[in-house]
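Worksheet: the structure to be examined is printed underneath.
The numbers here are math on the coordinates, done by the rules we state, and not lab data. Owing to the predicted nature of the structure, the values given are computational and were not obtained by experimental measurement. Cβ: placed from backbone, ideal geometry, glycine included. Neighbour counts: every protein chain shown.
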Amino acid sequence: MVMLRLESGEELPFFIDTGSPTTVFDKSLEPKLGQRLANATVTNFGTKVTGGFYKTPKLYLGGTLLMTTGIGVFTLDGKPASLKFGRPIMGVLGMDVLEHYCLQLDFAAGKMRFLDSRHLNRTQLGKAFPILFSSEGQNLKKFARPYIHDRSLIGGEVTNVLIDTGYPGDAALDSGLFQRELVEHRLRTEDAVHGDNGRVWIAKSIWNGETYTNLLVGDGENLIGLRFLERHLVTLDFPERRMYLEQTSVGPWADENINEAEAYLNNLKENGRLPGWSKKDEGTIYWQAFPDFHEFDGRKNGDSADYHYKVVRMPDNSPTLQTAWRTDQNNHTIEEYPVP
C-alpha cells in the first residue's frame, strides 16, 4: 500500500498491483476525475465488472509526479476489496505507471524503494529472471503485464507466469495445467489441503533450486503472487526488463500478530477445545494472514475432509475464534461447528 496524492493535495491509499495493466480509481472518486470518456467493462479473474473510463489525472508519490503511458484510468467499486482486507482502498497503481520504474520491495523493512536501474549492483540482488511484457488475457492488446518464462511453483512445463503483486496467494495455475499436474503425479492430493475459492495448500515445493513451504495455490491463470514474493527481497527493474529474487524466508512472512493467533489455536487443540479436532488427532494446519484476521486451513492424517478456522482480533488485540467449519474435497461445506 502507498499513499498517492492528487493535484488538489488529497492523499489516497492505493495498492501496488503489477497484475493490473492500468491504474484504477474507486468509483466514489469519479466527481474528481472530470467528464467520463466511456463506459468500461474489465475482466478480473474471469469475472466481468463495469465502471467508467476517465482521462488520467496527475498522480504524485511524495513530491514526485508519476510518469504514465496510459491515456486514461478506469473506475471500479473498491468496497469489496476494502472489506476483504479490512482497510480502505481507493485505487490500484497499475503497470501503466509502474513500467517506468525500477522498484525494490523490501518486505522485511516494510519499504518500497525507487532505484536507478543504470546504477544497480546486480550481483547483490539475487537470481535474475528476464521479464517479458504481454497483453495475453487482456481485452485491449495495448495493455501489457509483466511475465517470466518459467515453471510453476509446483513444477510442470515452462510457460508464461504473470508477476502479480495484487494476488494475495503464493501462486495460481490455469485449470488445464493444474489438472495435468495432478494426472502426472507432480502434485499429489494427499500432500495438499483444500481451502475455499479453489485454493490448495501445498506443504513443500522446490522452485529454481530453492525450497519453499506452506504454499497457497489457487485456480485461475498462471502467476506468482504476493505471498510468494514476500519471501524475498524483490527488485522489479521494468526499464531493463529484469526481476531479481533474493530469498529471505522459506515459509511465508508472518505479520506481528500471527504467532499469537497460531499459539491461540494450538492451545485450543491441546486442550481439546478446537472444533473438529481432538487432542490425539494429528495433521497439518496452514495459515494466511490478513490485516484484521487470520485464516487457518488444516487436514488430519487419514482424513480427506478439510477443516477451516477464522481467527479475528478483539478490541484489546487478543485473538478469538470467530467461525469454524469442515468441507469435502469439492469444497462443499459438510459441517459448521459452534465455537468455544
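Across the cross-link table entries 111/279; 58/127; 204/310, which are compared at the Cα atoms, the separations over 32 Å belong to 111/279; 58/127. Within the listed set 316, 96, 170, the residue fluctuating most in the Gaussian network model of the chain (springs between alpha-carbon atoms under 10 angstrom) is 316. Divide the volume of the convex hull around the Cα atoms of segment 231-340 by the residue count and you get 152 Å³ per residue. The Cα trace of the chain gives Rg and Dmax of 21.0, 64 Å, the first to one decimal, the second as a whole number. Across 202, 258, 71, mean-square fluctuation computed from a Gaussian network of the chain (C-alpha pairs under 10 Å connected) peaks at 71.
Taking other C-beta atoms within 10 angstrom as a stand-in for reagent exposure, 253, 207, 201 fall in the order 253, 207, 201, fewest first. For segment 79-131, treating each Cα as an identical point scatterer without solvent, what Debye log10 I(q)/I(0) comes out at q = 0.18, 0.22, 0.28, 0.30 1/Å? The Debye formula, applied to the Cα set alone, gives -0.84, -1.03, -1.23, -1.25. Using only the C-alpha atoms, the convex hull of segment 2-98 corresponds to 93 Å³ per residue. Plainly put, segment 71-175 has a radius of gyration that is 0.97 times its Kirkwood radius, both from alpha-carbon atoms, as the Rg/Rh ratio.
By the count of neighbouring beta-carbon atoms within 10 Å, fewest first, 232, 332 end up ordered 332, 232. The H on the amide N of residue 323, modeled in the peptide plane, is under 5 Å from the matching H of 310, each at least 5 residues off or on a different chain. Loop-resident GluC sites (Glu not before Pro) (DSSP state other than H, G, I, E or B) in segment 264-340 with no more than 13 further Cβ atoms inside 10 Å of their Cβ: 282. Using C-alpha pairs under 8 Å with a sequence gap of at least 6, the mean separation divided by the residue count of segment 258-337 gives a relative contact order of 21 percent. The length gained on full extension between residue 246 and residue 119, counted as 0.36 nm times the residue separation minus their Cα-Cα distance, comes to 43.9 nm. Relative protection proxy for 299-306, 216-223, 318-325, 18-25, from highest mean packing down: 18-25, 216-223, 318-325, 299-306 (other beta-carbon atoms within 10 angstrom). With contributions of -39500 (n - 2.57) from each DSSP H run of at least four residues, the per-residue ellipticity at 222 nm computed over the chain stands at -3000 deg cm²/dmol. For 95, 314, 112, 3, the sequence from fewest to most other C-beta atoms within 10 Å is 314, 3, 112, 95.
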